[in-house]
Amino acid sequence: MEKKPQTVLFLLLFSFGAAQKSTARWAEEFHVGVILDLGSLVGKVSRTSISLAAEDFYSVHQNYRTKLAIHIRDSMGNEVQAASAAIELLENYKVQAIIGPQKSSEAAFISKLGSIKQVPIVSFTATSPDLTYDSIPYFVRATLNDSVQVNGIVSLIKAYGWREVVLVYDDTEYGRGILPHLVNALQQIDAHVPYRTAIPLSATSENIMQELYKLMAMQTRVFIVHMSSTRASLIFTKAKEAGMMDKGFVWIVTDGVANIVDSFSPSVIEAMNGVIGIRFHVPRSQELDASFLIRWNRMYRQFNPNELPLDKPSIFGLWAYDTVWALSQAAEKVGVSGNKNKRLQSSKNSTSLDLLAVSTNGPELLKEIVQNKFRGLSGNFDLTDRQLPVSALQIINVVGRSWKHIGFWTLKNGLSQQLNQNGLKMTGSASMLELNPVIWPGESTEIPRGWEIPASGDKLRVGVPTSAYPEFVRTSKDPVTNATRAVGLSIDIFEEVVKRLPFALSYEYQAFDTIDATSSTSYNDFVHQVHLQRYDIAIGDITIIYSRTPYVDFTIPYTESGVGMIVPVKETVKKNMWIFSKPLSKGMWFGSIMFVMYTTIVVWMLEHLNGNTHLHGPFSLRQLEILMSFSIFEEKEKLKCILSRLVLLVWMFVFLVLASSYTASLASMLTVRQLSPMFTDIRELRKQQEYVGFHRGSYIEGLLVDIGFDRSKMRAYDPDEFHIALSNGGEHGGVAALVLDVPYIKLFLDKYCKGYTMVGPIYKSAGFAFALPKRSPLLAEISRAIINITGGDTIIQIEKKWIDQNSCQNEEKIDGSGCAITFDSFRGLFLLSGFVTTFSIPVALLMNHYKKDQQKALTKQDEQNKQRYVQKGENGHIQDGDQGNEENGDCDNI
């Protein structure tokens, strides 16, 4: 009997479906354990993603011979409970792999256990850098190492120019793991970590508030928070109460918080407004569509009916989803044949751990896991290096009830606003200008300085020395309050600096008590007190020298820099046979001679054009003699043309002014007393083995030794002995010159300006400055204020107050003061003479052309008259008067 086609098709479909159901029903279970803290937000999100991933995977791969049998255990955030759960899974279910645990501290023990039993431990939340493949070969990190984000954080610190940061972290293995990497990276950009605060897990709200108040009393206002989401929520809530989320503060959170900031409660988000975060960048994908999010949220509500719904899973949820897919594919490749565990032989002293079976397919399963590569929900899922590859990190800013995008950081290109399709940087060099604007705490758009002077803090301790030069610093004690008072040039500059700072600065002077504050050693000790934190800043006549820079930082100098010499001056008598040439510069001599020659040539041309009988015929020495006399002496009787007389008149005016100036300058050179330094080069003093002096205890002593002076030729003096030493001279127990800092030389010449002068600077020094502790945040602000002062009139007024250099003026002229007359001084007169002389030439040519035209017209008229007279037969005579102008070549008659 023949079957109908419809019946055959029905039987085939039934057989195929039955076969599929049989295959699915007989797929061998591949036991996998999952250890999570189900009470935490990450644990709840991860549990949902793992369950949904298994469901989605086997709905797509229904014909697989293996199927994950997932056993979820709650660690309750406790290492002991996590270890107990791992042992229970290995003993009762013979699990072939474990997903988790959630914490790095839990993963440390469980991964060692897995390495012994050859069970791969795949964690997508254990980010501690201490967990390495070398020590625990069966540990696979399906996430990023915490140290990956360090360079991104440091790039932000560098871009915004902050010099100090405070680290706030959990006192756990997770919290401490990132510290060495972060501190080293900060040191590479010269950023300092003045303080670290570790928050123990047992800390109460009161303990956290006490720690926050301690941070608030410090200068640093940049905080990097590396904590769990639960602890971070509490920190920011309390920081809001303490007033540490106001303008001026900077908070940066690591990816552990930034990755799940969407899941925080509205109150926590509000407290975190202004925070900057570094998080893993999840590229857009079609898999993360509305359908997936609906299914994920439905399952999340099933597991957590009492929780508020979430918009979408965090990156940890996506990593959990991709981890299940990777493990499912690896399990299928290993197959059921190798899915056996080998139990060890028990002994009398064996423990329960020793009795746990060793997975025989563990090495092959581990190999398949790390070799598996695919495009997952989180992006490229590649565990070849036992952890995910470094991709782009996203920089976010918590604003309002959510967050906004600030920029990206990549290992190759650093900071940038956007990424193109290839992940390459779209903009230029890394700086804060490459990022989108940030809304800082307190809803401020102004970039914080990163430090503040606490309002409740102590006054700034300003150390002042007892200077040998009271014009710079002079201290005294208030008889009533016993407070230190200070006056002087250095003090005035410091107080002016404080006025120009963009913030209020309360300070008090503290005198440096020493036996001899005038010595260099004592000044070194004074500066060293800043390093010892006795003073917050040292001010006075402190010279910037290299030996002091290892333990303090100097501001820019506020005085003229350099080292010079004070030398006596001597009177000199000019005995120079060529002194007559000194009043005019070489340029003036050359210009004058050229103008004489030019004027001579022009006058000759003018006279020659107008038929001067003295210049008739070819050019000769006699004509040159006449022309030279024209240029120097106005011989009007020999000049026939009015233009020549005009040119000569202007030239004579120039010559008269030039001759008067020459006479006055020459007279000055011959009559004014000339003074010159006795020595102009310090090497000349050394060659002649002269004695040189310096301030007792000054660093100048070492400088003179370096130059090559013998110590026997060097004499130390106090400031009140300088004048006597110079007056006596080297032959009578004194010195030939004093070598001092330029500011000290100005003070000396203010009192003893007659008979002495300064030579140099002979050596470049940095000048006087203020000393602050290394990496002090005040350094940049004070230096900026000093630039403002020294660039204007303020510094001039302060110097006049303490160093009145005009109070004593030398009546004698120092050699070199009489300057020769330059061509530029007479440029206007020479331009006038040159213009008149040059303009006369075309005028003369036009006049000569006009005269010739007139002569031709008269000649033609005479010829016509003659022809007319001949024709009429009349004989007449042409009147002589008709040709008067023809015979007169004088241009005055034209």
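The values are calculated or read from the model by the stated rules, or taken from the named source; none is laboratory data. None of the values given here were measured: they were computed from a predicted structure. In this analysis, Cβ positions are derived from the backbone assuming ideal geometry, glycine residues included, and neighbour counts consider all displayed protein chains. Please note that ligands, DNA and RNA were not included when accessible areas were found on the heavy atoms of the full protein model with its side chains. Shrake-Rupley method; radii C 1.70, N 1.55, O 1.52, S 1.80 Å.
Here is how the numbers come out for the structure above:
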read-out	value
Accessible surface of residue 793 - all protein chains present, 1.4 Å probe, nearest 10 Å²	90 Å²
Signed unit charges on C-beta, dipole axis of the range 460-559, positive-most listed residue 469, 543, 498	498
Area of residue 705 that stays accessible when all protein chains are in place (1.4 Å probe, Å², to 10)	50 Å²
Where 555, 360 fall by accessible area, highest first, once all protein chains stay in place (1.4 Å)	360, 555
In Hz, Karplus ³J(HN,Hα) per residue of the range 701-712 (6.51, -1.76, 1.60; θ = phi - 60°; x = Gly, Pro)	4, x, 5, 5, 5, 5, 5, x, 6, 6, 4, 5
Prolate/oblate/rounded label for the range 460-559 (Cα gyration tensor, a/c 1.5)	rounded
Electrostatic dipole magnitude of the range 105-159 [Cβ: Lys, Arg +1; Asp, Glu -1; Cα centre; debye, to 20]	60 debye
Heavy atoms of residue 699: accessible area, 1.4 Å probe, square angstrom to 10	50 Å²
Integer Hz, Karplus 6.51/-1.76/1.60 couplings in order for the range 393-403, x for Gly and Pro	9, 9, 9, 10, 10, 6, 9, x, 9, 8, 9
Placed amide H near residue 195: partners under 5 Å, 5+ positions off or other chain	167
Options 201, 178, 219, ranked by Cα towards positive dipole end of the range 137-240, top entry (Cβ charges)	219
Computed lengthening from residue 531 to residue 506, 0.36 nm per intervening residue step minus Cα-Cα distance	6.9 nm
Where labels lie 7 Å past Cα in the beta-carbon direction, separation of residue 797 and residue 384 in nm	7.1 nm
Under Karplus coefficients 6.51, -1.76 and 1.60, residue-wise ³J(HN,Hα) of the range 834-844 in Hz, glycine/proline x	x, 5, 4, 5, 5, 5, 5, 5, x, 4, 5
Solvent exposure of the range 34-95 as accessible area per residue, Å², 1.4 Å probe	40 Å²
Projected label distance in nm at residue 681 and residue 91, using a 7 Å step from Cα toward the beta-carbon	9.5 nm
Cα centre as origin, Lys/Arg/Asp/Glu Cβ charges: the range 30-159 dipole, Debye	240 debye
Label-to-label distance, nm, for residues given as residue 841 and residue 764 (7 Å Cα→Cβ offset)	5.1 nm
Cross-link pairs 247/801; 158/404; 238/412 - those with Cα-Cα distance over 32 Å	247/801; 238/412
Beta bridges per DSSP with both ends in the range 460-559, % antiparallel, nearest 5	35 percent
Dipole magnitude (debye, nearest 20) for the range 460-559, charges at Cβ of Lys, Arg, Asp, Glu	140 debye
